[in-house]
1. For Y411, state whether it is within 21 Å of the chain's Cα centre (by Cα), of a type in the set (F, W, Y) and within 27 Å of Y341 (Cα to Cα).
2. As an exercise: evaluate N429 against (1) at pLDDT below 95; (2) surrounded by fewer than 23 Cβ atoms within 10 Å (Cβ to Cβ) and give the number of the one condition it does not meet.
3. Among what's in segment 281-298 and is assigned to a loop (DSSP other than H, G, I, E, B) and on the phi < 0 side of the Ramachandran plot, pick the residue that is surrounded by the fewest Cβ atoms within 10 Å (Cβ to Cβ).
4. Take segment 321-351 and flag every residue that is over 29 Å from V287 (Cβ atoms) and surrounded by 14 or more Cβ atoms within 10 Å (Cβ to Cβ).
5. Take the conditions within 25 Å of the chain's Cα centre (by Cα), surrounded by 15 or more Cβ atoms within 10 Å (Cβ to Cβ), closer than 10 Å to D422 by Cβ and not small (G, A, S) and apply them to Y393. Does it pass?
6. For R256, are the conditions met, namely being surrounded by fewer than 18 Cβ atoms within 10 Å (Cβ to Cβ), within 25 Å of P134 (Cα to Cα) and touching a Gly at 6+ places or on another chain (Cβ under 9 Å)?
7. On the given criteria, is D150 outside any helix (DSSP H, G or I), of a type in the set (D, E), surrounded by fewer than 22 Cβ atoms within 10 Å (Cβ to Cβ) and in contact with a Phe, Trp or Tyr (Cβ under 6 Å, 6 or more places away or on another chain)?
8. Can you give me the number of residues within segment 110-139 that are closer than 30 Å to G288 by Cα and either in contact with a helix residue (DSSP H, G or I) (Cβ under 7 Å, 6 or more places away or on another chain) or in a loop (DSSP other than H, G, I, E, B) (or both)?
Amino acid sequence: MYSKNAWEKYDNEKLDELMKFNEEYKNFITFGKTERLVVAESIKLLEEKGFKPIDEFKTLKEGDKVYAINRNKNVFAFIIGKEKASKGINVLGAHIDSPRIDLKQNPLYESFDFALLDTHYYGGVKKYQWVTIPLALHGVVAKKDGTVIDINVGEDENDPIFCITDLLIHLSADQLQKTASKVIEGENLDVTIGSMPLKGEEKESVKANILKILKEKYNFEEEDFVSAEIEVVPAGNARDLGFDRSMVAGYGHDDRVCAYTSLRAILDLKETPTKTVCCALVDKEEVGSIGATGAQSNFFENVIAEIINLQENYNDLLLRRCLSNSNMLSSDVSAGVDPLYVGVNELKNSAYLGKGIVFNKYTGARGKSGCNDASAEYVAKLRKIMDENDINYQTAELGKVDQGGGGTIAYILANLNMNVIDAGISVLNMHAPMEVVSKVDVYEAYKAYIAFLLNA
């Protein structure tokens, strides 16, 4: 039952293809550090392959390529199959948000001749991992006149970077007595952005200088922070890890590694599928999949209803039949076994880097709380697809039963009566500013997603 190392089956020619794919993935994840940026890059890639917005179609026929966006934070791409969508579709669903630090609505302040930005962390983070590392700012500022200003500072080599400071070791006696969850407090995750006073200003002159720079460079005022969405993320590119360049180290593998491989799977299909196929990239998974752009939104059902309506006379029963006859891979990452921390895993039911795509029949916590538990029949069907297409795969749980746990969007789509299972890529350092994946797993997942779209 132990999975084989996937690297062993790759000859030089196939290895070149694998490495090239990962170079393209590194570029994607380096650029796409926020959900808005992922959507923008996804639309670019989709349109290069002939996909068009759904509102440009009066009817839909076999082979048509369409996409829909939602508030610039979701993108859903479809290839219309030989069968009508009401007979069921095959879905790859991934989330494109990652743990990060957000600016508060009134973030800018001055303290002891430093200008800082007040923040609120997003998702499950170890707060101590975010101090003393180079940080970048990404996002938008929406002004009252309707103007939306893009913010991107810290990525170009000529840009300044930002940081969250930490206490020097020489004065840390009291700090080091705290537990890891308290050693850095959430209210101390404030970002240092300047220290030069504006000449002629007597009160909060450093803050005044920052506001002057923001006005001159970006044309927004302090009050415009109220309607801004600015995210603090690690600065810098995704990089190869290891002398053998076998891994990718970077920010946001959870879950953009599954988002990219899912997107590429639908982009690279070389034949019209029997069933309509979908790549669904959603937001807000790290905070419960809530809100208008999370998987719990009805946007997904609305888009499918639109597709059915463009193929035949729509009614609610056709939508319900479509959902009940649909298959989905909840494309999300799994926790890889770390050789430094094997004690948290039950090793024969754990995910390993280098052994291919990971199927999690269920996630959840302890007594499977909050999980989707895929049916045995659906798992068997997927095993057959993987074996017939020479895909390396493994099965896993998320650590020992009472160790902790976690969830994905799987249960949400299963609530629509779809066949759903979690299927993704194993990761080290999950939720840290720098995560690690194996390049061979990235490529095996991509091939697995193509096989699923065509055969499920």
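1. On the way: within 21 Å of the chain's Cα centre (by Cα): yes; of a type in the set (F, W, Y): yes; within 27 Å of Y341 (Cα to Cα): no.
When the stated conditions are applied, Y411 does not pass them.
2. (1)
3. First pass over segment 281-298, keeping only residues assigned to a loop (DSSP other than H, G, I, E, B): 284, 288-293, 295-298.
Narrowing further to those that are on the phi < 0 side of the Ramachandran plot: 290, 292-293, 295-298.
Working: I290: 13, A292: 14, T293: 21, A295: 25, Q296: 18, S297: 20, N298: 9.
Residue satisfying both the conditions and the ranking: N298.
4. The answer is R321, N325.
5. Considered against the rule, which asks whether it is within 25 Å of the chain's Cα centre (by Cα), surrounded by 15 or more Cβ atoms within 10 Å (Cβ to Cβ), closer than 10 Å to D422 by Cβ and not small (G, A, S), Y393 comes out as no.
6. Numbers: surrounded by fewer than 18 Cβ atoms within 10 Å (Cβ to Cβ): no; within 25 Å of P134 (Cα to Cα): yes; touching a Gly at 6+ places or on another chain (Cβ under 9 Å): yes.
Answer is no for this residue.
7. No: the conditions fail for D150.
8. Looking only at that region, the number is 12.
The values are calculated or read from the model by the stated rules, or taken from the named source; none is laboratory data. The shown structure was predicted, so the numbers you read here are calculated from the model rather than taken from an experiment. No Cβ is skipped: glycine too gets one built from the backbone with ideal geometry, and neighbour counts run over all protein chains shown.
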